[in-house]
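One structure is given below, encoded as structure tokens.
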Amino acid sequence: MSSGLFGIGISGMQAAQLGLLTTEHNVANASTPGYNRQRILQATNVPLMTGAGAVGQGTHVTTIERMYSEFLAGQVNTSQTSVSELDTYYGQIKQIDNMLADPNSGLSPALQDFFKGVQQVAANPSSIPSRQSMTASASSLVARIHGIEDRLSQMSEGVNGQITTTVGTINSYAQQIANLNERIVLAQSASNQPANDLVDQRDQLVTELNKLVKVSTATESDGSYNVFIGTGQQLVVGTRASAMTATASAADPSRIVVGLETAGGAQELPEYLITGGQLGGLVRFRSESLDPALNEIGRVAASMALTFNAQQALGQDLQGRAAGDTGFAANFFDMTNMGPSAIKNAHNTGNGVLQAAFVSPPPMGGTYTLSNTAGTYTLTRQSDGKTWTGASPAGVVDANGDAPPVSEGLNLAGATVAPGLTATLTSSTIPANFYTNLTASDYQLVRDGVGSYTLTRMSDNHKWNIPADAANLPGLSSLISQTEGFTLNLASGTINVGDSYLIRPSRAAARNIAVDASVAADARLVAAAAPLTTRPATGNVGKMTLSQGAVAPGYAVPSPALTLSATATQLTGFPAGVNVTAVYADGTSIASNGGPVNLVNGTSQLAGFSFNGMSFDVNGSPVAGDSFTIERNAGGVDDGRNIFLLGKLQTANTMGGRTASYQGAYAQFVSTIGNKTRETQVTGEAQQALLDQAQGAREALSGVNLDEEAANLLRYQQAYQASAKMLDIGNKLFDTVLSIRS
Amino acid sequence: MRVSTSQIFDNGTLNIQRNQGSLFKLQNQLSTGRRILAPEDDPIGAAEALKVNQSMSVNSQFMDNQANAGSQLALVEDHLGGVSNLIMDVQERVVQAGNGSLTDQDRATLATEIRQRYEELLGHANSADGSGQYLFAGYRGSTQPFGVTGVPGNRTATYYGDEGVRQLQVENGRQMAVSQPGSDIFMRVRQGNGTFMTGAAAANTGSGVISTGSVVTGYDNNAYTLTFTSPTTYTLSVNGVPEAPPVTYNYSDGGTINIGNGTIVAPNTGTNQIAFSISGTPATGDTFTVNPSTNQDLFKTLDQLIKTLESPSTGPTPDATQAARRNQLTAISDGLDRALDNVLKVRTDIGARRLELDSLTNVGQDVDLQFKGDLSRLQDLDYAKAISDMSKQQMTLQASQLSFKQTSQLSLFNML
């Protein structure tokens, strides 16, 4: 019986000792990350069945349990991965946001300074200092664009670097989890007790992994974890970890993408599979904000250079040189390296070399020609060659059956074109100048079948599909040239089924925009004047005035000078064989071959005429014998007609198919970045609150409270002391028995 | 609720950090005076501010251009004012020269003055602006627009400029002409009364003087010649063709002659009627003409005046000489009148434009103020609110620091 007393006392002491140990362990690990508090589970020993009933045999500790809820830990992990993703995203986009923060350092003031320079030349076209200040402000505008692009490119490089580092860390964690799996399985199978601290370590690794990329876990029957990323791609299975890879993308070698090491080599993971954590944040930031930002700044640069150059080409410089003359600078901005790029996918089996090029910007004032071939009327937009055909001038439609847009302001119903002739129509509603259709998106061209090419605009997944044969790539190219602002051309080789190309219309523009070297060196080359002028004869007595004239792309100013003479009813002297279009006050236009042009049509006065890309306004009527001369604008140093049009580009809607000005597009870009930054911050805060709650809930269950542990220390101490006292009592009882004997 | 010890520490520091973050941002806003520190603070406002900024800069550019246009126009106006004064002075001399009591010597003195005036006119016509660009050369600002060849009395002025009109953008959608080509002002001056011009043949021997004439109901652009068959009768030919059958009309000294639709008509009858008068006593064989107005440059007119004044009296009779001189002076005076009309028309135009500029500048200043207000509303900090936020935030931070300090000191271990 006394042995029972000792036994029970010892079992109590042992249990209390374990309790004390566990409490000490908790106190020691109070601030160990990922530590879940532990407690002992005590149970009674098997009682001794006697005639007097069941006699208790003391206690034993069945197990040391960690206070852990898989559900709460899962919630923490899910919130944590979102918070990490948003934090990373925010940290990155905040850099762009900060760069755009100062209203004095963005693109906007440089743009304004540049156009201020343009206006100064407009006010004083013959002043060399004004011209030099314009080219100087152009150079600083270019430098500002380079600065922004540089910063964004550096960030792109930075993202590449961070992806590589993060992937390295993920691989290391995966390996550690695999190792822990092995140790846990061994430990648990040996003792049949949970390996609490090892499991804690592994859970902590999963939490750390979730900070890098969102993973999901599944527990095997032997206690090991399987870890998956994306939609079930295996990262860790039992004791084996797969490696993630960070390699240059096949579609775009400048981009580091994430892949999984498989038996067949590294396999790129689609970006939508990489979610959560730092990696998710980086990948999402790159595709959602950084790429569009780079493209957008490029789009502004490309549109500006294209439209500015197109207008410059229509002018005449201070030395009287115009398009076609030796030494004339048709380009204000040097566009040599600004063009779109078409990157061949590394996995292509064909050797096709694809080239992309900008479409020359369409004039806003929509110059159109309307020709009549044996009763079939064809309306052609001069800028891009888009055509509408029909049996009457007013009935022309394009391939989709759509009439020319009303916004173009063409008076087709009033056009008279005899068979074999071509009339030039200009829009009445839109001012001069040019615009582009470029978008800020990348494009992908895939030959997805023997009979098909598909071009995808990646920003909104809009697709163009066209049956594939050699002749159809040009077809596709002409289709997109009217809406997307670039063309495609197979320079050499063949494109096999499955081959793809990444097309970046505007990315290179911001990096490579430059002021034309000859213009920068000699400001006289700024084409401020218009290349033509008109002059009434000194003896004219009629009231007709002829405007100084305007030119459209492809113009030809007559040389030697052309003299038009008035008869009582007509204007004669147009060059033979040239299509002359006369426009009357009521908007009617009449085409003729080499004139003469009637001064009155019905009751409507002649309001203007155009030929050879030149157009003139007419006011009042001449007297027979009056004459007018059209000639090159020799010596016109104070003419600011072209620089005036260049100046108008500042506020004209020159981008995105006449929807935004340069400044408007840039403001939109700033607002998009600002919105995205704010959105990321606000979502981040909300996620952080969720994480706080989840962590609070987990801590409430699993966290160590030192006051509680202090109480437990006292409790187990007293239990130990009580059990020890039992031994003392047992000993005294034994002594009592011994003393009876003596 | 069960609270773990690390939670107390973690949350305490987290809250202090958050409060510090808010305080830092407020401090930043207060020290820069900007409400929007980065576009994320107000993306729409930031974009709006960019647009307003551009509009403001464009507006200020327009105001610069307005000032520029104003000074250009003032310069042109000054010179044209000089030109109109000059023309009026010369007209006085023409009236003086018509006085029959002047001697050849007197006229020669007048001619000397007109020669000076000719040079002065040329000076105005070739005037340049502050940067050395010729005002009246059209687009050819660095080409001297007017050149003269020949000797006084037989000089030819040539215009080397072009017809370009320099324009400045002074407002959205308003381009203002700030120059006038010299050809418009000096070269293309309609002669006579602007529609037709009367004249007497140089070989006339009588003392008939023809008036400038006027349009009554219209002019048919025909050339008419009145040939005196006797001092009191004349016949008419139209475009060089004598009337058929010939009609002889009676001449009355100073009486109005009306021509309408190709013949002499009673006053105020029919369409295309013009009226003029001949006074004095024409000799048999004298002819007078009516022709559509042609253009002649102002320099030529002055030169003709010099020539007329310097021509000695060589007529068969003093009356005939005087009549010939008066006929020439009438034509010259008409030419000067038309030139003055021309200049005054341009000056009126310029005056109207300067007035417009004044009002545009007023509007521009108002708009500028408006933009500044908009920009301030978008970007500037509300200091009162920010300062009150700042003290609130300070209090919160202090409270969280103090409470953390006290909570973290509580531990059961302290009492064991």
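Distant-in-sequence amide contacts of B:Arg35, defined by a placed amide H-H separation under 5 Å and a gap of 5 or more residues or a different chain, comprise B:Asp380, B:Leu381. Structural size metrics of the stretch B:117-175, computed from C-alpha coordinates, are Rg and Dmax of 14.4, 50 Å. Stokes-Einstein diffusion for the stretch B:97-202, with the hydrodynamic radius set to the Kirkwood value over Cα pairs and evaluated at 37 °C in a medium of 0.692 mPa s, equals 197 µm²/s. Counted by neighbouring Cβ atoms within 10 Å, the residues B:Tyr249, A:Tyr225 run from fewest to most as B:Tyr249, A:Tyr225. Neighbouring Cβ atoms from other chains, within 10 Å of the Cβ of residues in B:131-144, number 5 on average.
The calculated FRET efficiency for the pair A:Asn731 and A:Ala52, based on their C-beta separation and a Förster distance of 30 Å, comes to about 0.80.
Cα-based radius of gyration for the stretch A:214-317, normalised by 2.2 N^0.38 Å, reads 1.72.
Principal-axis analysis of the Cα atoms of chain A puts helix A:128-191 at an angle of about 20° to the longest axis.
One Cα centroid belongs to the stretch A:165-207, the other to the stretch B:124-183; the line between them spans 91 Å. When B:Asp380, A:Asp398 are arranged by Cβ crowding within 10 Å, least crowded first, meaning fewest neighbours, the order is B:Asp380, A:Asp398. Only lysines eight or more places from A:Lys211 in sequence, or on another chain, were considered; those with a Cα closer than 20 Å are A:Lys94. Result for chain B in a Gaussian network model with C-alpha springs under 10 Å: among B:Pro282, B:Pro152, B:Pro43, the largest mean-square fluctuation is at B:Pro43.
Proximity of backbone amide H atoms, modeled 1.01 Å from N, is registered between A:Gln570 and A:Leu599 at under 5 Å, excluding neighbours fewer than 5 places apart on the same chain. With just the Cα atoms defining each centre, how far is the stretch A:514-581 from the stretch B:258-301? Give it in Å. Centre-to-centre distance over Cα atoms comes out at 40 Å.
Counting Lys and Arg as +1 and Asp and Glu as -1 over every other residue whose Cβ lies under 15 Å from the Cβ of A:Asn192, the net charge comes to -2. Over the stretch A:82-182, all Cα pairs binned in 10 Å intervals from 0 give whole-percent P(r) values of 13, 26, 21, 15, 11, 7, 4, 2, 0, listed from short to long. Rg/Rh for the stretch A:21-117 (Cα atoms only, Rh after Kirkwood) is 1.56. Ranked from largest, the principal axis spans of the Cα set of the stretch B:303-383 equal 98, 16, 11 Å. Stokes-Einstein, applied to the Kirkwood radius of the protein assembly as shown over Cα pairs at a viscosity of 1.002 mPa s and 20 °C, places its translational diffusion at 55 µm² s⁻¹.
From the alpha carbon centroid of the stretch A:67-101 to that of the stretch B:75-97 is 85 Å. If you wrap the tightest convex hull around every Cα atom of the stretch B:126-264 and split its volume per residue, you get 196 Å³. Which of B:Gly82, B:Gly138, B:Gly150 moves most in a GNM of chain B, Cα contacts under 10 Å? Highest fluctuation among the options: B:Gly150. Across all C-alpha atoms in the stretch A:161-234, the radius of gyration and Dmax reach 13.0, 45 Å. Against the main long axis of the alpha-carbon atoms of chain A, helix A:2-28 sits at an angle near 20°.
Cross-link partners of B:Lys405 among lysines, defined as those whose alpha carbon lies under 28 angstrom from its own and excluding same-chain residues fewer than eight positions apart: B:Lys25, B:Lys392.
Counted as membrane-span-like here are DSSP H helices of chain B whose alpha-carbon atoms extend 30 Å or more along the helix's own axis and whose Kyte-Doolittle mean is -0.5 or above; these are B:43-97.
Report, ordered by chain and residue number, the lysines lying within cross-link reach of A:Lys648, taken as a straight Cα distance under 21 Å and ignoring same-chain residues fewer than 8 apart. By straight Cα distance, A:Lys648 reaches A:Lys116, B:Lys51.
For the stretch A:465-545, the alpha carbon convex hull comes to 257 Å³ per residue, rounded to a whole number.
Helix A:472-481 and the long axis of chain A differ in direction by around 90°, with both axes built from C-alpha atoms.
Counting other Cβ atoms within 10 Å as a rough exposure proxy, the listed residues A:Asp516, A:Asp442, B:Asp106 run B:Asp106, A:Asp516, A:Asp442 from fewest neighbours to most.
Rule-based calculations on the coordinates, nothing more; no lab input. Just so we're clear, the structure is a prediction, and the values are computed from it rather than from any experiment. As a convention, Cβ positions derive from the backbone with ideal geometry for all residues, glycine included, and neighbour counts pool all protein chains shown.
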